[in-house]
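A.B. asks: Before anything else, here's the structure in question.
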Amino acid sequence: MATRKAAGTAKNLSDSQPKYLGIKLYAGEKANPGSIIVRQRGSKILAGKNVKTGKDYTLYAVSAGKVAYTSKRKKNVDGTNSTKKVANVV
């Protein structure tokens, strides 16, 4: 009789590293030039005044000011409308 039960390889033990996505500066908070406002996958939040988009869709401030979020209606390719959030630094 075996002293240890035969076991297969575990397939669900590995996990990916955290990416730390999300909003970094909320509305009303002070933003300095170059400070990251939002880290995101895809353009869920659009860049507004004094905000630029990085190559990985990260939104960062171009000038100093306070962060403000507004909404914008966009027309889709199929003719329907959708509302997107816009990050601004004023």
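A.B. asks: Could you give every pair whose Cβ atoms fall below 6 Å, whose first residue belongs to segment 59-84 and is closer than 16 Å to Val38 by Cα, and whose second residue is assigned to a strand (DSSP E or B) and at pLDDT below 95, counting only separations of at least 6 or pairs across chains?
C.D. replies: Lys84/Lys74
A.B. asks: Could you identify the single residue in Ala27, Ala68, Ala7 that is modelled with pLDDT of 95 or more, assigned to a loop (DSSP other than H, G, I, E, B) and out of contact with any His (no Cβ under 8 Å at 6 or more places or on another chain)?
C.D. replies: Ala27
A.B. asks: Take Asp56 and decide whether it is over 20 Å from Leu21 (Cα atoms) and among the acidic types (Asp, Glu).
C.D. replies: Working: over 20 Å from Leu21 (Cα atoms): no; among the acidic types (Asp, Glu): yes.
No.
The values are calculated or read from the model by the stated rules, or taken from the named source; none is laboratory data. Note that the structure is a prediction, hence the values are computed from the model and not measured. Neighbour counts run over all protein chains shown; Cβ positions are idealised from the backbone, glycine included.
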